[in-house]
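All remarks here apply to the structure that follows.
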Amino acid sequence: MNFSPQLPFDFSVSKDFTFSNFLTSNKNAELVSLLEKFETYQEVVAFIWGKKGAGKSHILQAICRATEEAGALQALYLPLQKIKIFGPEVFKSLHHMDLICLDDFDCIVGEKEWEESLFEFFNRCREEGVKLLVSSENSPRGLNFDLQDLASRMSWGVIYQLHELNDDEKMTALDLRAKERHLPLSEEVMLYIYNRHSRDLQSLLEVVDRLDQLSLAEKRRLTIPFVRKVMGWK
């Protein structure tokens, strides 16, 4: 992805986050369909909200990767939790992009300077035709904005809830990640991981990634005793 030399950061999207490996439940099908053709969407903003681990970061990075590969738009993924160290002025040099994905939007809500900067940025995006895709753990109505004008702007486009997967769907997602890693993962071991760890899907996927690295390093297949030992579970 080619970023402007004016930007003080370069947050590359993960190769692990694509539409093809995003497990879409029936509840999320309409949203995913919209995002897969987001370049044709006419509104300036789309707001996605859902619980931690529902897949918001995955889908934002997937759309950046898809638009980059298609050569359709110049896209930028911004995890707000990480760019806060640069201060609210970071938005001043971004209006030349075609699509900007703002992850963890709720981390700046209630902070006056950030909200004012984002409000000005939103208005510039509207003037320049820049599309915004925003993610948060809460809907715009569930956020405690300091600047009500920004609250209003965030409700101008479509608002979708990204629903958390159910238990069976999460197990399918774990199996898919293991197969992508060419990691033999039996149902018995997968159930053990699922029952011993947080049900947050992202955390579960990170466990699979870590076990893949550890099994390669120690040249061991995944068994319950091995998983228990390397994960420090008693």
For every other residue with a beta carbon closer than 15 angstrom to the beta carbon of Ser152, add +1 if it is Lys or Arg and -1 if Asp or Glu, then tell me the sum. -3
Where the centre of each part is set by its Cα atoms, how far does the range 149-191 sit from the range 77-120, in angstrom? 25
Which ³J(HN,Hα) values, rounded to whole Hz and listed in residue order, are derived for the range 113-130 from phi using the Karplus coefficients 6.51, -1.76 and 1.60 in 6.51 cos²θ - 1.76 cosθ + 1.60 with θ = phi - 60°, glycine and proline given as x? 5, 5, 5, 5, 5, 5, 4, 5, 5, 4, 5, 5, 4, 5, 5, 8, x, 7
Which residues qualify? For Asp200, with a placed amide H closer than 5 Å and at least 5 residues away or on another chain, they are none
For the chain, max minus min Cα coordinate along each principal axis, in Å, sorted largest first? 57, 35, 34
Pairs beyond 22 Å (Cα-Cα), from Lys37/Lys92; Lys92/Lys112; Lys27/Lys131; Lys37/Lys112: Lys37/Lys92; Lys27/Lys131; Lys37/Lys112
Which FRET efficiency, nearest 0.05, do Ser139 and Asn21 yield, Cβ-Cβ r, R0 30 Å? 0.70
Could you give the alpha-carbon Rg of the range 68-177 over 2.2 N^0.38 Å, rounded to two decimals? 1.20
Along the range 202-215, what does the Karplus equation 6.51 cos²θ - 1.76 cosθ + 1.60 (θ = phi - 60°) give for ³J(HN,Hα), rounded to whole Hz, x for Gly and Pro? 4, 5, 5, 5, 5, 5, 4, 4, 5, 5, 4, 5, 5, 5
For the range 134-149, Karplus couplings with θ = phi - 60° (6.51, -1.76, 1.60), whole Hz, Gly/Pro x: 10, 10, 7, 6, 10, 5, x, 5, x, 9, 8, 5, 7, 10, 5, 5
Label model pair Lys37, Thr223: point-to-point distance (7 angstrom along the Cα→beta-carbon line) in nm is 5.2
His182 paired with His163, simple spin-label distance in nm, labels 7 Å along Cα-to-beta-carbon: 3.7
Given N residues in the range 142-234, what is Rg(Cα) / (2.2 N^0.38 Å)? 1.52
Put a dot 7 Å past each Cα toward the Cβ at Met231 and Asp209; how far apart are the dots in nm? 1.7
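Each reported figure results from applying straightforward, stated rules to the coordinates on display, with no laboratory input. Everything quoted here is computed from the prediction, not taken from an experiment. A quick note on method: Cβ atoms are made from the backbone with ideal geometry, for glycine too, and the neighbour counts reach across all protein chains shown.
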